[in-house]
1. Would you work out which of Ala225, Val193, Val212 lies farthest towards the positive end of the dipole of region 145-241? Charges go on Cβ: Lys and Arg +1, Asp and Glu -1.
2. Can you compute the FRET efficiency between Thr5 and Asp135 using 1/(1 + (r/R0)^6), with r the Cβ-Cβ distance and R0 = 25 Å? Round to the nearest 0.05.
3. On the full set of protein chains, 1.4 Å probe, figure out the accessible area of Thr240 and give it in Å² to the nearest 10.
4. Got a sec to turn the phi values of region 60-73 into Karplus ³J(HN,Hα) couplings, 6.51 cos²θ - 1.76 cosθ + 1.60 with θ = phi - 60°, whole Hz, x for Gly and Pro?
5. Looking at the chain only, what percent of DSSP beta bridges run antiparallel? Nearest 5 please.
6. Report, in whole Å, the centroid distance computed from the Cα atoms of region 46-115 and region 118-144.
7. Given the Cα-Cα distance of Asp74 and Arg223 and 0.36 nm per residue of separation, how much length would full extension add, in nm?
8. Tyr195's amide H: which non-local residues (gap 5+, or another chain) put their own amide H closer than 5 Å, with H modeled 1.01 Å from N in plane and none for Pro or chain starts?
Amino acid sequence: MTAVTTRAVEYSADGLTMIGHLALPAGVDRRPAVLLGPEGTGLSDVERGRADALAERGYVAIAFDLHGGRHLGDPEEMLARCLPLLADPERMREIGHAALAVLRAEARTDSERIAAVGYGTGGAIGLELGRDGVDLRVIGTVNALTTGRPGEAARIRCPVWVGVGSEDPIMPPAQRDAFVDEMQAAGVDWRLVVYGGALHAFHHPPVDHPVVPGVGYHPQHARRAWRDVVALLDECLPVTQ
């Protein structure tokens, strides 16, 4: 584990001024990097903490913004923004590319060794970057079994790992099957982990505002999912000391 430094980074995307969270490991050398996407509510201390934890493991990490520096605790407001976004691959790609450009511009980033890890809407954005042909070492998502436009999954150039709760009503078995069919038809190196008994956003600690139905924290599976993400990065994007 290494000491980290952090700073807020501003950039433009989707007509907004985004405020991401950049975490850097100790040292001055170039390191592999992780683009970290949040749930639909947006960037919070949970994602900032995950970026810091990845930096402690030796990665350059940026937790990117979805809503122009805002965290949308009102479920109706969150859905009013995220549902149109999730239905528009070009908007998702714009948000992802803008954050990726910030990550690549960081002097510590090894721009040829980048992974995308995301949760919910942030994971869907990572998948869209893959479908857009972005050169990534791996894509890992939780709660983001979103399918893309016909044929575009063939552009994915890296392994894809997805995790989902077995009781997630937002990503039900039919959606899982559609995602698997898409990945399989495209010849993607894919893996799916189903966490038994878990709801949507099971990885996210309880919040002090209302949530959409079907959301619930599962501490045991939250720890397991994080270990699975770390193991995925160790396999596909190891840190070279």
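The values are calculated or read from the model by the stated rules, or taken from the named source; none is laboratory data. Just so it is clear, the structure is predicted and the values come from calculations on it, not from any experiment. Here the Cβ is made from the backbone with ideal geometry for all residues, glycine too, and neighbour counts use every protein chain on show. We work out accessible area using only protein heavy atoms, side chains counted, and drop any ligands, DNA or RNA first. Shrake-Rupley method; radii C 1.70, N 1.55, O 1.52, S 1.80 Å.
1. Ala225
2. E(calc), rounded to 0.05, equals 0.40.
3. The value for Thr240 is about 90 Å².
4. For region 60-73, the Karplus-derived couplings read 7, 9, 10, 8, 8, 9, 10, 10, x, x, 9, 10, 8, x Hz, x marking Gly and Pro.
5. The answer is about 35 percent antiparallel.
6. Cα centroid to Cα centroid, the span is 10 Å.
7. Here the segment from Asp74 to Arg223 would lengthen by 51.0 nm.
8. Val164, Gly165, Ser166
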